[in-house]
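**Student:** I am attaching a structure below and will ask some questions about it afterwards.
The values are calculated or read from the model by the stated rules, or taken from the named source; none is laboratory data. No experiment lies behind these values; they were computed from the predicted model shown. Note that we place each Cβ from the backbone using ideal geometry, even for glycine, and neighbour counts take in every protein chain shown. What goes into the accessible areas is simple: the full protein's heavy atoms, side chains included, and nothing from ligands, DNA or RNA. Shrake-Rupley method; radii C 1.70, N 1.55, O 1.52, S 1.80 Å.
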Amino acid sequence: MTGPLKVLGACPLDCPDTCSWEVTVEDGRAVRLRGNGEHPFTRGALCAKVNRWLERAEAPDRILYPLRRVGRKGEGRFERIGWDEALEEIAGRLRGIIDEHGGEAIWPYWGTGTLGWIQGMNGQAGQRLFNVLGASRHHPSICSIAGGHGLVYTTGTSAGIDPETLALSKLILLWGTNTLTSGHHLWKFVQDARRDGAHVVAIDPIRTRTARQADEHLAPLPGTDAALALGLMNVVVGLGAEDREFLAEGTLGWEELRERIAAFPPGRVAGITGVPARDIVALGERIARTRPTAIRATMGLQRHAGGGATLRTLACLPAVTGDWARPGGGLSYSTDDHYPIDQAALFRDDLRPAMTRKLSMTRIGEALLDLDDPPVRALFVIAANPAASAPHQSKIRRGLAREDLFTVVLEHFPTDTADYADIVLPATMQHEHADLHNGYGHLYLSWNEPAVAPPGECLSTTETFRRLARHLGLDEPALYDSDEELAEQALGSGDPRLTGITLDRLRKEGFARLAVPDPFVPFADGFPTPSGKLEFVSERAAMAGHDPVAGYVPPAEPADPERARRYPLSLISSASHHFLNTTFANNPELRRRAGGPRVVLHPDDAAARGITDGRRVRVTNDRGTLEAVAEVSDAVRPGVAATTKGHWPKLSGGANPNALVDERDSDMGGGAVYHDTRVQITAL
Ligand SMILES: Nc1nc2c(c(=O)[nH]1)N[C@H]1C(S)=C(S)[C@@H](COP(=O)(O)OP(=O)(O)OC[C@H]3O[C@@H](n4cnc5c(=O)[nH]c(N)nc54)[C@H](O)[C@@H]3O)O[C@H]1N2
Ligand SMILES: Nc1nc2c(c(=O)[nH]1)N[C@H]1C(S)=C(S)[C@@H](COP(=O)(O)OP(=O)(O)OC[C@H]3O[C@@H](n4cnc5c(=O)[nH]c(N)nc54)[C@H](O)[C@@H]3O)O[C@H]1N2
Ligand code: SF4
Ligand SMILES: [Mo]
């Protein structure tokens, strides 16, 4: 009998907080998982979902052995096979596909199940092997890309300010972000600011858990936020409260932006956004007199046709007020780009024989059904559940059902996607493998030390691809680097922000803050744009075919008159409090707490349809149907219906909101447009 052992690790999920955690191991078994009390952001607490992590690891439906399909695709019937047999079959199929169609017929589809740099999406685990095979490249467009592109045009980077500096703000705009659900550890910093007198405003079509805790709530129509931002700037400029020195020294194109702002007076903006003009004037006046003002905006906000333009324009507001130069001012989105990970060393794109095409996550249905140059013939799904998470579910299912598509799914659980696999490979969970993580809502790197041996025959993603490389007879040494070697290479960029951060130190301490000043004002010495200034007018945007001046791009589906008439409600399917995307949505207790699929309707919209609270309804459009229970509440504004993402279709009547979402691209980066979806709702 050995005494309890405490092993430091990190939560791998797609959540801005990337908590540092401590696993207690007794007799080789993980018996307790808790948040690391030493970590300044985690502060000892995990969340409603991850408190059930160890229960999830031991769940009876966990996949523990390689499986081969015996039923029809989608049926989910499999037989157990050995690893050698599985890898030999995969290697054989890949050789045949490469001979017939070339390497580009292979698509490694990485999802956000783990964001790790070694095992997960950030590092595109196995990328080196796919490079050697000349596979298609993966475009991770599903989550944050449109807003990221928009910010790059304005500020040169999507990195934004350190979220911890919100504690220094006097006015915080929580703009299209549901902090208390989608990354609750930031709330402490919001509360610190409040204790020092800060005013907190939530801007969200839905009165969320977060909006209910704010001092003020504005509910714009979905996708109209850039117009709202221009209206607020209009009020600031009307009061003469713009920061002329910052505008002259720190920005490019003020004349052009000022003209654009002039075209968005509060009366017009009220018409576009549905926010009363007096509320726009009042908030504009508050912004004009409050320094510093900070905006926290996350990814939900940009899941619209104009999602790129939205973030691009929001980032102009703190420039008009000069707040980018002040601790506690500016805009926070995703801190990812503050981390100088050596991606070239990690990915080794030099191993690719020739440049290959990029396939977009949000277009997986179309790619599987329509591509023929070459067709996708082998799909590796790695920590992803596209049959539940990606847009236009019925198309994806038709694509995955193709008999000539060879699908390999690396998973923990028998998801809707795994049901379509030819081969399922059992994957380790975070406390069973090693990984390196950054947090996209803070500035700490974490090392995740494996705490226990994997159950059954589960293997890490890296080990899976090392073994597959051997079965393919490949002799490139870089395919066989160990997890620790990969981590050393990732940390080897020599960037000053990594000063003093070694793998040894991370292993000892669990985490380390980037070597940046505290408080961190990232753009005190200028912006990483071509001009070195914040760009209201961007030549790069113009070259990419966008309006050179920051502005407003309306949502797509409401702007189509025929669609708007047939489908009069805008559907938002945002983060569920109890699931993390579709992860955890098979956990019995979390499913019980979440309840079945629900859709919230305003009393006026419900009455017009004869729908009462608790009634079963059908949510439809030309792409699909979702059945749900109606909740009638003024927590949503008229014209908007609210539901959540995450439910597994196979556990909830065969569909989830992605049955209704289109594969259209947002304005920038090919981002997803989940919240830009029109539907009709009828009582069942
Ligand atoms: N519990 C939990 N936490 C999560 C996740 C989860 O599934 N569950 N998902 C994780 C992932 S993958 C991500 S990317 C992040 C996302 O985190 P968030 O950005 O918070 O994501 P959402 O919940 O999609 O959207 C946030 C809010 O934006 C609002 N919104 C939608 N459209 C608009 C709009 O046009 N204007 C305005 N002003 N608001 C709008 C929605 O009503 C919602 O309340 O959260 C992560 N954290
Ligand atoms: N309607 C609607 N749909 C949405 C969104 C929305 O706002 N509305 N948001 C979108 C967003 S922001 C995102 S990021 C995507 C996420 O979509 P996906 O990237 O598909 O993420 P998940 O649905 O959580 O599926 C992740 C899977 O990875 C598995 N997994 C977890 N860890 C590991 C691991 O270490 N190894 C392996 N092999 N597997 C692992 C989990 O069991 C889970 O089944 O969903 C998008 N879908
Ligand atoms: S999901 Fe987010 S809040 Fe929950 S443990 Fe993971 S990082 Fe922390
Ligand atoms: Mo995401």
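**Student:** Evaluate the following for Ala10: is it within 10 Å of ligand 3 (Cβ to nearest atom), open to solvent by 30 Å² or more (accessible area, probe 1.4 Å) and touching a strand residue (DSSP E or B) at 6+ places or on another chain (Cβ under 8 Å)?
**Tutor:** So Ala10 fails the test.
**Student:** Pick out, from the stretch 99-213, the strands (runs of 3 or more DSSP E) lying fully within it that include 3 or more residues that are open to solvent by less than 20 Å² (accessible area, probe 1.4 Å) and away from ligand 4 (no atom under 16 Å from the Cβ).
**Tutor:** The qualifying strands (runs of 3 or more DSSP E) are 106-110, 171-175, 199-203.
**Student:** Let me ask another. Which one of these does Arg664 not meet: (1) touching a Ser or Thr at 6+ places or on another chain (Cβ under 9 Å); (2) assigned to a strand (DSSP E or B); (3) open to solvent by 50 Å² or more (accessible area, probe 1.4 Å)?
**Tutor:** (2)
**Student:** Just checking, how many residues over the stretch 626-661 are over 20 Å from Gly274 (Cβ atoms) and in a loop (DSSP other than H, G, I, E, B)?
**Tutor:** Of the residues in the stretch 626-661, 11 are over 20 Å from Gly274 (Cβ atoms) and in a loop (DSSP other than H, G, I, E, B).
**Student:** How about the stretch 398-432: which of its residues are of a type in the set (Gly, Ala, Ser) and either within 29 Å of Val7 (Cα to Cα) or surrounded by 22 or more Cβ atoms within 10 Å (Cβ to Cβ) (or both)? Quick ask: steps written out before the conclusion?
**Tutor:** Of all residues in the stretch 398-432, those of a type in the set (Gly, Ala, Ser) come to 399, 401, 418, 421, 427.
Within the stretch 398-432, Gly399, Ala418, Ala421, Ala427 qualify.
**Student:** What tally of residues in the stretch 495-510 results from selecting those that are open to solvent by 30 Å² or more (accessible area, probe 1.4 Å) and either of a type in the set (Phe, Trp, Tyr) or on the phi > 0 side of the Ramachandran plot (or both)?
**Tutor:** Step one: filter the stretch 495-510 for residues open to solvent by 30 Å² or more (accessible area, probe 1.4 Å), giving 495-497, 499-500, 502, 504-505, 507-509.
Then drop every residue that is not either of a type in the set (Phe, Trp, Tyr) or on the phi > 0 side of the Ramachandran plot (or both), which leaves 500.
Total meeting the criteria: 1.
**Student:** Look through the stretch 555-569, keep the residues that are hydrophobic (A, V, I, L, M, F, W, C) and within 18 Å of Arg609 (Cβ to Cβ), and return whichever of them is nearest to ligand 4 (Cβ to nearest atom).
**Tutor:** Taking the stretch 555-569 as the starting set, the residues that turn out to be hydrophobic (A, V, I, L, M, F, W, C) are 556, 559, 564, 569.
Subsequent filtering for residues that are within 18 Å of Arg609 (Cβ to Cβ) retains 564, 569.
On the way: Ala564: 28, Leu569: 24 Å.
For the stretch 555-569, the residue satisfying everything is Leu569.
**Student:** Sticking with this structure for a sec: Do the conditions hold for Glu259, that is, is it in a helix (DSSP H, G or I) and acidic (Asp, Glu)?
**Tutor:** Here the answer is yes, as Glu259 does meet what is asked.
**Student:** Let me ask another. Inside the stretch 499-520, can you point out the residues that are under 19 Å from Ala159 (Cβ atoms), of a type outside the set (Asp, Glu) and out of contact with any strand residue (DSSP E or B) (no Cβ under 8 Å at 6 or more places or on another chain)?
**Tutor:** Within the stretch 499-520, Thr499, Ala515, Val516, Pro517, Pro519, Phe520 meet the criteria.
**Student:** Would you check which residues across the stretch 13-49 are out of contact with any strand residue (DSSP E or B) (no Cβ under 7 Å at 6 or more places or on another chain) and either without any contact (Cβ under 8 Å) to a residue 40 or more places away in the chain or farther than 23 Å from Phe511 by Cα (or both) and list them?
**Tutor:** Those that are out of contact with any strand residue (DSSP E or B) (no Cβ under 7 Å at 6 or more places or on another chain) and either without any contact (Cβ under 8 Å) to a residue 40 or more places away in the chain or farther than 23 Å from Phe511 by Cα (or both): Glu26, Asp27, Gly28, Arg29, Gly37.
**Student:** If you don't mind, another one. Would you kindly identify the helices (runs of 4 or more DSSP H) lying entirely within the stretch 282-368 that contain at least 3 residues that are modelled with pLDDT of 95 or more and open to solvent by less than 10 Å² (accessible area, probe 1.4 Å)?
**Tutor:** So the answer is 307-314, 317-320.
**Student:** Continuing with this model, one more query. Where residues in the stretch 606-625 are among the small types (Gly, Ala, Ser) and surrounded by fewer than 17 Cβ atoms within 10 Å (Cβ to Cβ), which of them is nearest to ligand 3 (Cβ to nearest atom)?
**Tutor:** Step by step, filter the stretch 606-625, then rank; the result is Gly614.
**Student:** Can you tell me which condition Asp373 does not meet? The list is (1) away from ligand 1 (no atom under 16 Å from the Cβ); (2) touching a helix residue (DSSP H, G or I) at 6+ places or on another chain (Cβ under 8 Å), and all the others hold.
**Tutor:** (2)
**Student:** Can you name the residue in the stretch 587-605 that is part of a loop (DSSP other than H, G, I, E, B) and within 19 Å of Thr181 (Cα to Cα) and is also most open to solvent (accessible area, probe 1.4 Å) among such residues?
**Tutor:** To start, the set of residues in the stretch 587-605 that are part of a loop (DSSP other than H, G, I, E, B) comprises 587, 595-597, 602.
This time we only want the ones that are within 19 Å of Thr181 (Cα to Cα), so: 587, 595-597.
On the way: Asn587: 12, Gly595: 30, Gly596: 46, Pro597: 28 Å².
Going through the qualifying residues, I end up with Gly596.
**Student:** Let me ask another. Which number in (1) touching a helix residue (DSSP H, G or I) at 6+ places or on another chain (Cβ under 7 Å); (2) away from ligand 1 (no atom under 16 Å from the Cβ) marks the one condition that Ala608 misses?
**Tutor:** (1)
**Student:** Separate question: Among the residues in the stretch 575-596, are any polar (S, T, N, Q), without any contact (Cβ under 8 Å) to a residue 60 or more places away in the chain and within 26 Å of Glu75 (Cα to Cα)?
**Tutor:** no
**Student:** Could I ask something else about it? In the stretch 247-258, what residues are open to solvent by 30 Å² or more (accessible area, probe 1.4 Å) and either within 15 Å of Gly551 (Cβ to Cβ) or over 32 Å from the mean Cα position of the chain (by Cα) (or both)? Give the steps one after another, and end with the answer.
**Tutor:** Let us first name the residues in the stretch 247-258 that are open to solvent by 30 Å² or more (accessible area, probe 1.4 Å), namely 248-249, 252, 254-256, 258.
Matches in the stretch 247-258: Ala248, Glu249, Trp254, Glu255, Glu256, Arg258.
**Student:** Still on this structure, please answer the following. Specify the residue that is farthest from Leu443 (Cα to Cα); the eligible residues are those in the stretch 30-48 that are in a loop (DSSP other than H, G, I, E, B) and open to solvent by 30 Å² or more (accessible area, probe 1.4 Å).
**Tutor:** Ala48
**Student:** For the stretch 262-279, name all the residues that are in a helix (DSSP H, G or I) and under 13 Å from Gly238 (Cα atoms).
**Tutor:** Ala262, Pro266
**Student:** Now, a different point. Failed condition for Glu22, given (1) away from ligand 3 (no atom under 16 Å from the Cβ); (2) on the phi < 0 side of the Ramachandran plot, with all others met?
**Tutor:** Result: Glu22 passes all but (1).
**Student:** Separate question: Restrict the check to the stretch 645-666 and report whether at least one residue is among the hydrophobic types (A, V, I, L, M, F, W, C) and more than 13 Å from ligand 2 (Cβ to nearest atom).
**Tutor:** The answer is no; no qualifying residue exists.
**Student:** Condition check: surrounded by 22 or more Cβ atoms within 10 Å (Cβ to Cβ) and over 26 Å from Gly306 (Cβ atoms). Does Ala628 satisfy that?
**Tutor:** Here the answer is yes, as Ala628 does meet what is asked.
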